[in-house]
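This is the structure, below, for whatever I ask next.
The values are calculated or read from the model by the stated rules, or taken from the named source; none is laboratory data. Treat the numbers as computed from the prediction; the structure is a model and nothing was measured. As a convention, Cβ positions derive from the backbone with ideal geometry for all residues, glycine included, and neighbour counts pool all protein chains shown.
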Amino acid sequence: MNKTVIIGSGFSTAVLTKVLDQNSNLLIFDKSRGPGGRSSTRRVENIGLFDHGLQYISPTIKEFDFFLNQNLKSSIKEWSGNFHVFEDNKTIDSKKYIGKLGNNSFVKDLLSTKVEYLKELIGLERRNNKWTLQFKDKDTQDCERLILTIPLEQCQKITNPLNLGLNFEGSMEPNLTAMIAFDKPLEISSVGIKFQKNPILGWAGNESSKLRIGNNKNLELWTLQSSLNFAKKYCHIYRDKKEEVLELMIQEFFTLLKIKNVETSYRDLHGWLYAFKNQDFSKRFYWNKDINLGICGDWMSGPKAEDAWNNAALLANQINSS
């Protein structure tokens, strides 16, 4: 029986594997095909790489900066260029780390424990001082300690039958991300643009400016992320209306940046049902020593990777001292 099982293989889990005592005998399960969670990179043959989730990590405190450089120095670099807010042309002036080979490196190269993929947790049971986990494929797994790093709504669903009175508040918000390859340079001076008041777009990032091996040098790659209201409108139906949604996002981008006479060589759309939480950060992490249950994630203390690092480290330190 494994001593500790973690559900989810995103950034919070990657941090846990570094901070938890190494004698914890960890095993990680994730319902996806690979690690990363929202630290995701799409690799398209003959086109290049798109960071269609996390755009970059921007440390605000030296301890987080130190953690990244201590554990990921060979995997990350700074994203150089001009970044600005569209509405007032204000410069976004902060250090921005990206993965040299894609932003999934923030998780993939940080994880130090085996992960079993395509394993969706559907039920929990607590008996005889141990946890029994039930998966969608009908497998089960016993463990002494359980840590959940899954999105809020999934965490609520899986823990409600336990009657623990967790009462997690709020909900997570969706996002739609368009990945576009244009047939020629757009001649836009900024490599990252934040839209604060636009009804369709929230962010545009020049993927080609990240200078990664594998990017087609004859194309210019951009990632467009939607506004919150646009995502709420289309997040549940975007698969059936993919071309319509893509066209709305691309044409809005063209109109705002005054782009003309450009064709797309590739376009695709990804939907995040649980992309981020922007309010109700009432708990930094959850740890119940009596039943050996821990919960953490960026939805508990803030929407950024730094928040995920902070509450994962706090939880790990609490467990280590138990």
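Check whether at least one residue in the stretch 301-311 is surrounded by fewer than 17 Cβ atoms within 10 Å (Cβ to Cβ) and charged (D, E, K, R), and report yes or no. It would help to see each step written out before you state the result.
Start the filter on the stretch 301-311 by keeping residues that are surrounded by fewer than 17 Cβ atoms within 10 Å (Cβ to Cβ), which leaves none.
No; the residues of the stretch 301-311 include none that is surrounded by fewer than 17 Cβ atoms within 10 Å (Cβ to Cβ) and charged (D, E, K, R).
Results for (1) among the hydrophobic types (A, V, I, L, M, F, W, C); (2) more than 27 Å from ALA316 (Cβ to Cβ); (3) at pLDDT below 95, shown as yes or no for each residue.
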site: GLN156; (1), (2), (3): no, no, yes
site: PRO174; (1), (2), (3): no, yes, no
site: ILE188; (1), (2), (3): yes, yes, no
site: TRP203; (1), (2), (3): yes, yes, no
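Quick check on the stretch 163-197: of everything there that is of a type in the set (D, E, K, R) and within 24 Å of the chain's Cα centre (by Cα), which residue is farthest from PHE253 (Cα to Cα)? Quick ask: steps written out before the conclusion?
Of the residues in the stretch 163-197, the ones of a type in the set (D, E, K, R) are 169, 173, 183-184, 187, 194, 197.
Then drop every residue that is not within 24 Å of the chain's Cα centre (by Cα), which leaves 169, 173, 194, 197.
Numbers: GLU169: 35, GLU173: 22, LYS194: 12, LYS197: 13 Å.
Here the residue is GLU169.
If THR17 satisfies every condition in (1) touching a Gly at 6+ places or on another chain (Cβ under 9 Å); (2) in contact (Cβ under 8 Å) with a residue 60 or more places away in the chain; (3) buried (at least 20 other Cβ atoms within 10 Å of the Cβ) but one, which is the exception?
(1)
Next up: Check the stretch 258-266 and report whether any residue there is among the aromatic types (Phe, Trp, Tyr) and buried (at least 19 other Cβ atoms within 10 Å of the Cβ).
Among the residues of the stretch 258-266, not one is among the aromatic types (Phe, Trp, Tyr) and buried (at least 19 other Cβ atoms within 10 Å of the Cβ), which makes the answer no.
So if I check each of LYS108, LYS130, LYS138, which one is under 26 Å from LYS62 (Cα atoms), out of contact with any Lys or Arg (no Cβ under 7 Å at 6 or more places or on another chain) and basic (Lys, Arg)?
LYS108
What are the pairs, 6+ residues apart or on separate chains, where a residue within the stretch 125-136 that is more than 16 Å from ASN288 (Cβ to Cβ) has its Cβ under 7 Å from a residue that is among the charged types (D, E, K, R)?
THR132/GLU125; THR132/ASP142; PHE135/LYS119; PHE135/GLU120; LYS136/GLU120
Can you pull out the residues in the stretch 269-322 that are free of Cβ contacts under 8 Å to residues at least 24 places away in the same chain, assigned to a loop (DSSP other than H, G, I, E, B) and among the polar types (S, T, N, Q)?
Hit for the stretch 269-322 is SER321, nothing else.
Then there is this: Determine, yes or no, whether ASP290 is exposed (fewer than 14 other Cβ atoms within 10 Å of the Cβ), within 23 Å of the chain's Cα centre (by Cα) and more than 30 Å from GLU220 (Cβ to Cβ). Spell out the reasoning first.
Numbers: exposed (fewer than 14 other Cβ atoms within 10 Å of the Cβ): yes; within 23 Å of the chain's Cα centre (by Cα): no; more than 30 Å from GLU220 (Cβ to Cβ): yes.
It is false that ASP290 is exposed (fewer than 14 other Cβ atoms within 10 Å of the Cβ), within 23 Å of the chain's Cα centre (by Cα) and more than 30 Å from GLU220 (Cβ to Cβ).
I'd like to check something: does the stretch 34-49 contain any residue that is free of Cβ contacts under 8 Å to residues at least 40 places away in the same chain and either outside the structural domain of PHE182 (by TED's automatic domain parsing) or in contact with a strand residue (DSSP E or B) (Cβ under 9 Å, 6 or more places away or on another chain) (or both)?
yes
Rundown of residues vs (1) among the basic types (Lys, Arg); (2) assigned by TED's automatic domain parsing to the domain that holds SER12; (3) surrounded by 18 or more Cβ atoms within 10 Å (Cβ to Cβ), yes/no style:
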site: LYS62; (1), (2), (3): yes, no, no
site: TRP79; (1), (2), (3): no, no, yes
site: LYS90; (1), (2), (3): yes, no, no
site: SER105; (1), (2), (3): no, no, yes
site: ASN129; (1), (2), (3): no, yes, no
site: THR132; (1), (2), (3): no, yes, no
site: GLN156; (1), (2), (3): no, yes, no
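I want to confirm something. Restricting to the stretch 267-283 and keeping residues that are among the small types (Gly, Ala, Ser) and surrounded by 14 or more Cβ atoms within 10 Å (Cβ to Cβ), which single residue is modelled with the highest pLDDT?
Applying the filter and picking the extreme gives GLY271.
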